[in-house]
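The values are calculated or read from the model by the stated rules, or taken from the named source; none is laboratory data. Fair warning: this is a prediction, and the values are worked out from it, not measured in the lab. Backbone-built Cβ (ideal geometry, glycine too); neighbour counts: all protein chains shown. All accessible areas refer to the heavy atoms of the entire protein, side chains included, with ligands and DNA or RNA removed. Shrake-Rupley method; radii C 1.70, N 1.55, O 1.52, S 1.80 Å.
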Amino acid sequence: MSDKHVAVLMGGFSSERPVSLSSGNACADALESEGYRVTRVDVGRDVAAVLSELKPDVAFNALHGPFGEDGTIQGILEYLEIPYTHSGVLASALSMDKHQAKHVAKAAGIPVAEAKVMSRFEVGGVHPIAPPYVVKPVKEGSSFGVVIVQENQSHPPQVIGSPEWRYGDRVLVERYIYGRELTCGVMGDVALGVTEVVPTGNAFYDYDAKYAAGGSKHVIPAQISPNVYQKIQTLALKAHQAMGCRGVSRSDFRYDDRFSENGEVIWLEINTQPGMTPTSLVPEMAAHAGHSFGELVRWMVEDASCLR
């Protein structure tokens, strides 16, 4: 039993609200089972006032997307002097900006795909780079707004310049990396196992593949050579440290083994607020390392601090 009062922050107002509610409730249930006093907070614009009144010992951040993982809520928690889970202000803001994160990763010796940032209105006329390429919002999670342009496509995707687009005006145009989708979590200063994500029926690991039951198959440990497995663990830990992350994070990679077993390993991005739903990757990786879901969330609460 613990006498700690934990406020689980969930919901919020990003595109990822449903996922956050699912993550938050799963974590709150587990924390209650671990003996913590838990208050579930569906985060609104009045979150600072709500937390000032609640005065929890720890804030468990189960928010996803803008506001929740871009340094904003972290700044509010610093101001209120409430210890919180996951990464701090700078690491969160940096990791959420895919372009800036890429610069930092590259400087740390982590292999990244060539990319450039553009206004979404500049993408419409001619291909910004030779296809195949990927266009993604600079600051979104859960694969929202990701468009893959195939080799034989005659013109860029028109949806990006259309009024329906709601993922911001800056987009990242990135060389498409062929190969397998691999991901590796980090818990503190330890790299967890490497998982291969095999989408079932989806062209790539999009929102439905991530969160719908049966949307993808997770193979842990990934069936790859030991040296590539170890390389991915090393790179995931290196990215976690280069960004200044704390608590848990998860790095995503592509592994192109078409021409040789060692192939090409490319780091795509780091997620400072990985999903904590029943189908999520980090809880599976932690279980593979021998930590139950309850032990994982307990570790995260005990790891919480300010000035992260």
Seminar exercise, completed: Per residue, accessible area of the chain with a 1.4 Å probe, heavy atoms of protein chains only, in Å², comes to 42 Å²
For this session: Please work out the Cα center distance from the range 238-285 to the range 78-141, rounded to the nearest Å.
Result: 14 Å
Problem set entry | Debye intensity ratio I(q)/I(0), log10, the range 61-193, q values 0.13, 0.14, 0.20 Å⁻¹ (C-alpha model) | -0.66, -0.75, -1.25
Exercise. For the chain, which whole-number percentage of the solvent-accessible area (1.4 Å probe, protein heavy atoms only) is attributable to carbon and sulfur atoms?
Worked result: 53 percent
Exercise. For the chain, what proportion of DSSP beta bridges, expressed in % and rounded to the nearest 5, is antiparallel?
Worked result: 75 percent
Exercise. Out of the range 42-133, which trypsin sites (Lys or Arg not before Pro) are coil in DSSP terms and have no more than 16 other C-beta atoms within 10 Å?
Worked result: R45
Exercise. Among the lysines, which fall within straight-line cross-link reach of K116, defined as a Cα-Cα distance under 21 Å, with same-chain neighbours fewer than 8 residues apart omitted?
Worked result: K98, K102, K106, K136, K139
Exercise. Which loop GluC sites (Glu not before Pro) in the range 152-187, with loop taken from DSSP, have no more than 16 other Cβ atoms within 10 angstrom of their Cβ?
Worked result: E164
Seminar exercise, completed: Most fluctuating of Q223, Q273, Q74 in the GNM of the chain (C-alpha, under 10 Å) is Q223
For this session: For the chain, calculate the relative contact order in percent as a whole number, restricting contacts to Cα pairs under 8 Å that are 6 or more residues apart.
Result: 21 percent
For this session: Any chance you could run the full-extension gain for R37 through K217? It's 0.36 nm times the residue separation minus the Cα-Cα distance, nm to one decimal.
Result: 61.3 nm
Exercise. How large is log10 I(q)/I(0) at q = 0.08 Å⁻¹ when the Debye formula is applied to the Cα atoms of the chain, each weighted equally and without solvent?
Worked result: -0.34
Exercise. Among the GluC sites (Glu not before Pro) within the range 52-90, which fall in a DSSP loop and have no more than 14 other Cβ atoms within 10 Å of their own Cβ?
Worked result: E81
Exercise. Roughly how many Å is it from the Cα centre of the range 1-76 to that of the range 147-164, as a whole number?
Worked result: 37 Å
